[in-house]
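The structure appears right after this line, and notes come after that.
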Amino acid sequence: MGGMPWKRVELAALVLYALGFYLVVIRKSLRLSHDYSGRLYGLRAGSLAGHLNDLSDAQWRNFRGNLPILTGVMAAFLILVNTLRYCYGLKGRGTALAWLILSLSYLCYLHGACVVFILLIALINYSMVKIFAHYKYCTSLIWSFNLSVLILNRVYEGYSFSLFGQNLSVLDNYRGTFRWHICFNFVVLRMISFGCDYCWTIHSSHFDHKKHIQKCQVCYSGKTCYFALQGLSVDRYTFLTYLCYLTYAPLYIAGPIVGYNAFAAQLEVPQKNYSFAQISLYGLRWILSFLLMEGMTHFFHYNAFVVSRLWQQLSPFEIFIISYGVLNFMWLKFFLIWRYFRFWSLVGGVETPENMPKCINNCHDLESFWKSWHASFNRWLVRYLYIPLGGSRRKLLSIWVIFTFVAVWHDLEWKLVSWAWLTCLFFIPEILVKSLSNKFQASSSLGMLVHREFKAIAGAVTISCLMVANLVGYVVGPSGIKVLISKMAGKEALPALAFIFTTFYVGVKLMFHIREASSSQQG
């Protein structure tokens, strides 16, 4: 009982500090956005109180601009498929055929004649899996082929038809509205998933299923875990279902990522974890989140500072505000994109793992951050890379392979490879500290207090490292890191650095209180 009043006082102090911090950040952000608005790139006429809208991020600008037509396509596809499904009792192959026809028409609009490349590569992968599945080296062959395709697609920028003969060059005038090799990154993950799931079905002893199923069941909080399904019969690995899986319209552009077994099972029996009311509430929350994004981009022009490179002219504290704002903008952008397509998939009867189940401001270690950022990709990596590479027994080695693959999968850019290797460097101390911390059991009140403070300081250091890694990989690049270091290394930056670290420390302590409150409610 003696510890409770102290914790309440600490919580009150932390909340007051957090409120003060956000008041300062909001006020400073509004001032910066106003003072530099005439020099920022990517601002467009807005619809809120005469403010300009920050549309400097190409991905967000394209998604937002195409949202009306995309929603129209979603509504038409769902009405048609669900009508056929429930009026004619379509299951399995029938549902797969309906979705395949619609999805291929969708791909023809997106990629035009380049759909031929997608189908040809898919056919080669399918044939290779079926021919070599009984051999022990099949999974290695699958990985080698798909990595080669991934790299060649980028090197040749989706290929030109003229490469295969001048008679075909006319087809280069019909390449659609969206570069096919960008979307194909997700298709590569699906081709690997199909191949590995099929091989493991034939060689079931090759893979430790039980351990992975338990992990997935925990993260799904007792719901049916489609992602962990292992037991499809061999005859369910058909070319029709395979093509439907690769081209499935709701998940084709951006995911979330779901394994072949999980997808095929839900074509037979639609998901039952979400009721109609829950899916409707999910859609309503998405609309509210979209309105939040609109308010953010109208009043805070964080990304435009990065695109315009004006962040280099700011003070250390102002650079921190812009960096913090950009990371929150990125989180909300991906949150909206992924949940939009997941909503589409849910209404279509296919549940996928939820990306970003936690807010970016509620993660104080690298492991929990990556589990909650691109969560479906994280589970895919655990299933098809981490466990086959040896799991926790070779964790320090496997993280280098995994993050390098993630960087190459995103794009062939040095800044992404730099991000991957920086993340691994920051990951190693965390793994070692966690291993030592798990062995330490504090028995006295003083020992528990010291342990808690040590974890808070370690969390603040981790957040700082995570922020630097993401800024290098997705914002300033390796060249911009020199400017960032020069700005932050001077004596005049020390007060700002002290404030930043204190803020991260306070944030971690608040996360402790949030987790303790959640644990007590669940208990």
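The values are calculated or read from the model by the stated rules, or taken from the named source; none is laboratory data. Given the structure is predicted, the values throughout are model-derived calculations rather than measurements. Using ideal geometry, Cβ is built from the backbone for each residue, glycine included, and neighbour counts are taken over all protein chains shown. The accessibility values were calculated without ligands, DNA or RNA, using every heavy atom of the protein model including side chains. Shrake-Rupley method; radii C 1.70, N 1.55, O 1.52, S 1.80 Å.
Among the trypsin sites (Lys or Arg not before Pro) found in segment 114-176, those both in a DSSP coil and sparsely packed, with 11 or fewer other Cβ atoms within 10 Å of their Cβ, are K136. Rounded to whole Å, give me the distance from the Cα center of segment 100-162 to that of segment 304-342. Centre-to-centre distance over Cα atoms comes out at 34 Å. Quick one: Debye curve from the alpha-carbon atoms of segment 247-299 only, equal weights, vacuum; give me log10 I(q)/I(0) at q = 0.32 Å⁻¹ to two decimals. Listed by q, the Debye log ratios stand at -1.11. Once the Cβ-Cβ distance of S519 and L123 is raised to the sixth power relative to R0 = 41 Å, the FRET efficiency obtained is 0.20.
Legend: helices of the chain (whole DSSP H runs) are marked when their alpha-carbon atoms reach 20 angstrom or more along the helix axis and their mean Kyte-Doolittle hydropathy is at least -1.0; marked are 3-35, 67-87, 93-111, 115-132, 138-155, 180-202, 276-299, 316-347, 395-410, 414-439, 445-474, 494-522. Each residue, W286 and S47, gets one label point 7 Å from its Cα in the Cβ direction; the gap between the two is 1.8 nm. Label-to-label distance for L396 and E367 is 1.5 nm, based on points extended 7 Å past Cα in the beta-carbon direction. Using C-alpha pairs under 8 Å with a sequence gap of at least 6, the mean separation divided by the residue count of the chain gives a relative contact order of 18 percent. The mean accessible area for residues of segment 269-346, using a 1.4 Å probe and ignoring ligands and nucleic acids, is 37 Å² per residue.
So if we plug the beta-carbon distance of S162 and L67 into 1/(1 + (r/R0)^6) with R0 = 35 Å, what FRET efficiency do we get, rounded to 0.05? Working shown, then result.
Values: r = 35 Å, r/R0 = 0.99.
That gives a FRET efficiency of 0.50.
Taking amide H as placed 1.01 Å from N in the peptide plane, H301 has its amide H under 5 Å from the amide H of S33, each at least 5 places away in sequence or on another chain. If the segment from K136 to Q313 were pulled out straight at 0.36 nm per residue, it would be longer than the present Cα-Cα gap by 58.0 nm. As a ratio to 2.2 N^0.38 Å, the alpha-carbon radius of gyration computed for the chain takes the value 1.03. Over the chain, dividing the summed -39,500 (n - 2.57) contributions of all DSSP H runs of at least 4 residues by the number of residues returns a 222 nm mean residue ellipticity of -23500 deg cm²/dmol.
Surface analysis of segment 1-159 yields an accessible area of 58 Å² per residue, using protein heavy atoms and a 1.4 Å probe.
Pick out, in residue order, every one of the chymotrypsin sites (Phe, Trp or Tyr not before Pro) in segment 133-174 that is DSSP loop and has at most 10 other C-beta atoms within 10 Å; say none if there are none. Don't skip to the end; give the middle numbers.
Details: sites: Y135, Y137, W143, F145, Y156, Y159, F161, F164, Y174; in loops: Y135, Y137, Y156, Y159, Y174.
Loop-located and lightly packed - Y137.
Taking amide H as placed 1.01 Å from N in the peptide plane, the amide H of N53 sits under 5 Å from that of R44, A45, G46, each at least 5 places away or on another chain.
Could you look at segment 1-46 and say what percent of its accessible area is carbon and sulfur, using a 1.4 Å probe and all protein chains?
Of the solvent-accessible surface of segment 1-46, carbon and sulfur hold 67 percent.
Taking 7 Å steps out from each Cα toward its Cβ at H410 and A277 produces label points 4.1 nm apart. Rounded to 0.05, the FRET efficiency of the N82 and I428 pair, given R0 = 30 Å and the Cβ-Cβ distance, is 0.05.
When the alpha-carbon atoms of segment 300-455 are used, the pair Rg, Dmax equals 18.8, 55 angstrom. Between segment 16-33 and segment 488-514, the C-alpha centres lie 15 angstrom from each other.
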